[in-house]
Structure formats: structure tokens, C-alpha cells
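K.L.:
Pasting a structure below so you can have a look.
No lab work stands behind these numbers, since they all come straight from the coordinates. Keep in mind that what you see is a predicted model, and the values were worked out from it rather than measured. Here the Cβ is made from the backbone with ideal geometry for all residues, glycine too, and neighbour counts use every protein chain on show.
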Amino acid sequence: MLLLYVSVLAFAQNNSLYEKKEFIRGNDTLRYRILYPQDYNPAKKYPLILVLHGAGERGNDNEAQLVHGSSLFTDPANRQQYPAIVIFPQCPKNDFWARIDRDPNRKDSLNGLYFPSERPIGTALGLVSQLMDSMASTKPVNTKKIYIGGLSMGGMGTFELLWRKAGFFAAAFPICGGGDPAKVKAYARKFPIWVFHGDKDNTVLPSHSRLMVNALKAARAKVKYSEYPGVGHNSWDNAFKEPDLLGWLLKQKK
């Protein structure tokens, strides 16, 4: 019981390093948390990492989105070795990062799930896109080193924002997600991307990542694919423990 209390306390303390912010455009508000590098100097330029959470962390508390992955960036050793600005936005419960739908009769569906890319960008992801543009216009952000990643719904949002903002990101790390393989040509050529999935995932089947990986390879992207044997939907636990993830990511540059 004491160990659990200490763990919760440490998690809360680490999360307090992420400042609470709001990005407002018209009548729409995007809540997000931002982590600045240790010994942050606004006169310097830093990489920017965007992380999109899963469907279970949707809401408006501006806290739940930090449940998975946030501790990777607050780890003291990582903060010292990989100084970066990190953003975790939160999607409202009535929205979804990516455009998805279900229709088992559609030829372009996989396991009944498909990505209707002909639809306009959703409100939440649209706000994220605008936030990224706003951040990229500020002095401390190195526009050659902006990265995106996410898990589950966030992995789907990652694949979608990559083609909607082709040429904007330097690398990506979608985890247990999926996307429209017809859209990868918009950004894939020589693009570094590391895809993750568990082979026992029954929530988002690994065939979604496999399909995207094959499309990315065909479009000549620089693809890495890690599929974890015996792992279910929580493959983000494995992905965020990859010892080379941050080193690989921060090495990429446009």
C-alpha cells in the first residue's frame, strides 16, 4: 500500500512539470500540457515532440492524457540527455483524433474499420494542427526537429496528421494505430517512422500497422517496425521502454 502511494505521488510530482495550457480559436478550446527542457533558455532552439493519447484518456481535465508516456520525458536522465519541448494535448470525449468509421462491406475497410480521408479534419485534430503552426512560429522551436507520436487513437491521429501536414514533421512513432495507406505517398519518401504494435492486440488489430508499414515501405519511407509477441493493446508500455526510442527520434532532422 505504501509503495502504491509513493508511486502515485511520484507520478503526480512528475506531471506537475507539465504546465497546463489552453489553445483557443473562436469557440473551440484545446487543452494541453507542455514540458519545457531542464534549464530552459528561450533564446535557444529546441526540438518539439507532440504526443497524442488514446481514446480512454479523452476529457477536459487536462490531466488524463499524461497517463501513458509522460514519465519518459520527465525522467531526469532523459531530460538531461534529450532536451526538448514536449506537448500532450487532450481530445474531448465527444471527438476523436482521426477520421475513422466502421463498415464491413466497404472494400477499403480492414476488419470493418476504415479511414474516410475525404472528410475534413476534425475539430480536435484541427486545433492540434493550428497549435503546431503556432509553436513552430516561436523562436525556441527548431522547425527542422518537430516530431509526432501517439498510441491507439493517437497512433491513428499520428498517421492522419502526417499526411495533412506533409513536410512538417521530421519523424514519427505511431503505436498500435492505423491509417489510410493511400495517403502515405504524401509524406513517406525518405521519412523516418518507427511503428509499434502487439501481435495479440484485439482492440486495434496488428494488421492495421502491418498494412501501413507495407504501404510506407512501398513509398520508400525509412521504416522501423516493432511487433511484440504475446502483447495486447498496451504495446505502448513496450514502446516507451525502448532504450533507443528517444535517441533515434531526436537524431532525425528535416
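K.L.:
Quick check: the angle from helix 153-164's long axis to the longest principal axis of the chain, C-alpha only, nearest 10 degrees?
P.N.:
Computed tilt is about 80 degrees.
K.L.:
Can you classify region 2-251 as rounded, prolate or oblate using the Cα gyration tensor, where a ≥ b ≥ c are the square roots of its eigenvalues, rounded means a/c under 1.5, and otherwise it's prolate if a/b beats b/c and oblate if not?
P.N.:
Working: a/c = 1.40, a/b = 1.31, b/c = 1.07.
Cα axes put region 2-251 in the rounded bin.
K.L.:
Still on this model: Answer rounded, prolate or oblate for region 168-254, using the Cα gyration tensor with square roots of eigenvalues a ≥ b ≥ c: rounded when a/c is under 1.5, else prolate when a/b is larger than b/c, else oblate.
P.N.:
Numbers: a/c = 2.40, a/b = 1.24, b/c = 1.94.
Oblate.
K.L.:
Taking 7 Å along the Cα-to-C-beta vector as the label spot, tell me the LYS253-ASP237 distance in nanometres, rounded to one decimal.
P.N.:
3.7
K.L.:
For the cross-link pairs LYS144/LYS200; LYS165/LYS254; LYS44/LYS190; LYS93/LYS217; LYS45/LYS253, which exceed 25 Å when the distance is taken from alpha carbon to alpha carbon? Spell out each step's value before the answer.
P.N.:
Details: LYS144/LYS200 36 Å; LYS165/LYS254 14 Å; LYS44/LYS190 28 Å; LYS93/LYS217 34 Å; LYS45/LYS253 14 Å.
Checking Cα-Cα distances, LYS144/LYS200; LYS44/LYS190; LYS93/LYS217 exceed 25 Å.
K.L.:
In region 2-251, if the dipole is taken from +1 on Lys/Arg beta carbons and -1 on Asp/Glu beta carbons about the Cα centre, which of TRP236, MET132, ASN60 is farthest to the positive end?
P.N.:
Checking the options against the dipole of region 2-251, the answer is MET132.
K.L.:
For VAL67 and SER134 in the same chain, what is the full-extension length gain: residue separation times 0.36 nm, less their Cα-Cα distance, in nm? Could the numbers behind the result be given before it?
P.N.:
Numbers: separation 67, 0.36 × 67 = 24.12 nm, distance 2.54 nm.
Roughly 21.6 nm would be gained on extension.
K.L.:
How much of the DSSP beta bridge set in region 2-251 is antiparallel, as a percent to the nearest 5? Spell out each step's value before the answer.
P.N.:
Details: 15 of 38 bridges.
That works out to approximately 40 percent antiparallel.
K.L.:
Collect residues whose amide H, placed 1.01 Å from N in the peptide plane, falls under 5 Å from the amide H of VAL195; neighbours closer than 5 in sequence don't count.
P.N.:
Correct list: LYS224, TYR225, SER226.
K.L.:
Using just the helices of the chain, give the 222 nm mean residue ellipticity in deg cm²/dmol: DSSP H runs with n ≥ 4 each add -39,500 (n - 2.57), and the total is spread over all residues, rounded to 500. Kindly include the intermediate steps, with their values, before the conclusion.
P.N.:
Values: 8 runs with 76 residues, N = 254.
The helix-only estimate for the chain comes to -8500 deg cm²/dmol at 222 nm.
K.L.:
A further question on this structure: What is the angle, in °, between the Cα long axis of helix 123-136 and the longest principal axis of the Cα atoms in the chain? Nearest 10 is fine, range 0 to 90.
P.N.:
Helix 123-136 sits roughly 50 degrees off the main axis of the chain.
K.L.:
Dipole size in debye (nearest 20) for the chain around its Cα centre, Lys and Arg Cβ +1, Asp and Glu Cβ -1? Could the numbers behind the result be given before it?
P.N.:
On the way: 34 positive and 22 negative charges, 242 e Å.
That gives the chain a dipole magnitude of about 1160 debye.
K.L.:
Let me ask something else. Helix 2-15 against the longest principal axis of the chain: what's the angle in degrees, Cα atoms only, rounded to the nearest 10?
P.N.:
That works out to roughly 90 degrees.
K.L.:
Same structure again: Quick one: what are the phi-derived ³J(HN,Hα) couplings along region 235-247, Karplus 6.51/-1.76/1.60 with θ = phi - 60°, whole Hz, x for glycine and proline?
P.N.:
Here the 3J(HN,Hα) series is 5, 5, 4, 5, 4, 6, 9, 4, x, 9, 4, 5, x Hz.
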